[in-house]
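Asks: The structure under discussion is supplied below as C-alpha cells; questions concerning it will follow.
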Amino acid sequence: MNTFINDDEFKKKKVIFIMGATGTGKSSEIDPYSDFKAENFCLQVVVYIEKILKSQCVPIIVGGSNLYMENLMEDPVFMFKYKYDSFFIWIDVEQ
C-alpha cells in the first residue's frame, strides 16, 4: 500500500464549473444560432482560465453542454484533467 501523497494533486490549479440542463439560463448571452462547437468552447475555456489564474483568481466557467465538458476533460491535446482540479455545480431548475 502506498502511503505517500501525490504532490502533483496539490499543484493542480482549481477551476469551478456551473452546469445545468439546456434552457436554464446559464449562458443567456450566447447566440443560440451561432456555429459554436465543442472545440471552440475548449479553446476559449483554456485561454480564459489561464488569464484568470494569472490574476490569482479562481476561474468559474458557466454554461456549456455536457458534450462540451466531456470534450474538454478527455481531449489529450488540452490535458485538462491532469492540469486542473475541477469542481462541478449542477443547476437544477424548471425551464
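Asks: Which pairs turn up if I take residues in region 74-95 that are closer than 14 Å to residue 50 by Cα and look for partners that are hydroxyl-bearing (Ser, Thr, Tyr) and in a strand (DSSP E or B) with beta carbon separation below 8 Å, at least 6 apart in sequence or on another chain?
Replies: Qualifying pairs under 8 Å: 80/86.
Asks: Scan region 33-71 for residues that are surrounded by fewer than 13 Cβ atoms within 10 Å (Cβ to Cβ), farther than 17 Å from residue 12 by Cα and aromatic (Phe, Trp, Tyr) and jot them down.
Replies: Within region 33-71, just 33 meets the criteria.
Asks: Only strands (runs of 3 or more DSSP E) wholly contained in region 13-95 count here; list those with 1 or more residues that are over 12 Å from the mean Cα position of the chain (by Cα), at pLDDT 75 or above and of a type in the set (Val, Ile, Thr).
Replies: In region 13-95, the matching strands (runs of 3 or more DSSP E) lie at 84-91.
The values are calculated or read from the model by the stated rules, or taken from the named source; none is laboratory data. Treat the numbers as computed from the prediction; the structure is a model and nothing was measured. Heads up, the Cβs are rebuilt from the backbone with ideal geometry, glycines too, and the neighbour counts pull from every protein chain shown.
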